[in-house]
Amino acid sequence: MELRQLQYFLKVAQKEHVTRAAEELHVAQSAVSRQIHQLEQELGVDLFMQKGRNLQLTPVGQLFCKRVDSILKELEHSVNEVHEFLDPERGEIRIGFPHSLGTHLIPTIVAEFRQHYPHVKFRFKQGSYPSLIKDVLSGEVDLTFISPFPENDEHVSGDIVMTEELFAILPQNHQLAGESEIRLEQLQNEKFVLFSQGYSLRPIVWQACLQAGFQPQIAFEGGETDTIRGLVAAGMGVSLLPEMAFYQTNPLQPAQVRVVEPAVTRTVGLIYRTDSKLPLVARSFRTFLISYFKARQNNTPVGS
């Protein structure tokens, strides 16, 4: 059994198609098919079965896939540890984050970290709250930013790095757009543009509206901050977004108004799997981030 066979098998299992797997692996389709056939002959079982135009794992294939995925991730982790041992200031950090942090925060902290560790590489993965938790637990990422912070999850550990205020966003011609602050109940008759199910900002906004005495009427749902902001700017409704979502240069922008009753905030945490040891370079990055956000709260430069 060869490492290449396991890699090809896992890719076909992920793509459910030999041609698509071969394209991503940058090899000929015949090479992938041959390696899968040899692997099945060696194991004496069928790992895949045909389902329409796609391939589906057999029950024994599902069991084998779970083990192979774990083995290849552990191998990758071991290779990274060797590289870090040879040069602690090199290596790769695999980090996840919600979409709302991707526009400004992630580029800013990565650029600042690379001033100290210029040879470190990053692998990024965006996702919703459930998918980010899953990625941490499966070892797909070393660290992930998450919001809200999971207070009572024994499988992950971490820190709340900041608490961020959410603002009402309104069309520029809205009657409340010129106000410095509003009560959330003033929006009870408006249509809301919200994140889809599974995105952490949705229940935060929903609960805030319930606390203000009404259930929001949903006009549109989306999965990207740009979509929410753009639809509001186009007059399709109102919403609540964190302050970080306003770092944009697009000329079509909604009005931003502070909400005071109730004040709406979200916690943003940085977590990792409780029962795993972070790679050295990821530990360095975590230490940097804790210092970064403490300095940000105190308005002092990092490292001072």
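The values are calculated or read from the model by the stated rules, or taken from the named source; none is laboratory data. Keep in mind the model is a prediction, meaning the values are calculated, not measured. Glycine gets a Cβ as well: all are built from the backbone with ideal geometry, and neighbour counts include every protein chain shown. For accessibility, only protein heavy atoms count, side chains too; no ligands or nucleic acids. Shrake-Rupley method; radii C 1.70, N 1.55, O 1.52, S 1.80 Å.
Before moving on, here are some points about what is shown:
- If only residues of segment 206-235 that are at pLDDT 90 or above and assigned to a strand (DSSP E or B) are counted, the one that is nearest to R183 (Cα to Cα) is Q217.
- Those residues of segment 190-205 which are without any contact (Cβ under 8 Å) to a residue 60 or more places away in the chain and either part of a loop (DSSP other than H, G, I, E, B) or under 17 Å from P148 (Cβ atoms) (or both), in sequence order: E190, L194, F195, S196, Q197, R202, P203, V205
- The strands (runs of 3 or more DSSP E) found wholly in segment 101-182 and carrying at least 3 residues that are among the aliphatic types (A, V, I, L, M) and touching a residue at least 60 places away in the same chain (Cβ under 8 Å) occupy 156-170.
- Residue check, I160 β-branched (V, I, T), surrounded by fewer than 17 Cβ atoms within 10 Å (Cβ to Cβ) and either in contact with a Gly (Cβ under 9 Å, 6 or more places away or on another chain) or farther than 28 Å from G230 by Cα (or both): yes
- Among residues of segment 118-138, those that are more than 18 Å from the chain's Cα centre (by Cα) and closer than 24 Å to R273 by Cα, counted: 1
- Residue in segment 43-59 that is within 33 Å of the chain's Cα centre (by Cα), over 22 Å from E76 (Cβ atoms), aromatic (F, W, Y) and open to solvent by less than 50 Å² (accessible area, probe 1.4 Å) present: yes
- Restricting V260, V268 to those that are in a strand (DSSP E or B) and modelled with pLDDT of 90 or more reduces the list to V268.
- Top-ranked residue in segment 130-146 [being farther than 19 Å from P203 by Cβ and among the charged types (D, E, K, R); ranked as most open to solvent (accessible area, probe 1.4 Å)]: E140
- Considering residues of segment 88-100 that are charged (D, E, K, R) and assigned to a loop (DSSP other than H, G, I, E, B) only, the residue surrounded by the fewest Cβ atoms within 10 Å (Cβ to Cβ): E89
- From Q186, Q197, residue being of a type in the set (S, T, N, Q), surrounded by fewer than 19 Cβ atoms within 10 Å (Cβ to Cβ) and either in contact with a strand residue (DSSP E or B) (Cβ under 6 Å, 6 or more places away or on another chain) or modelled with pLDDT of 90 or more (or both): Q186
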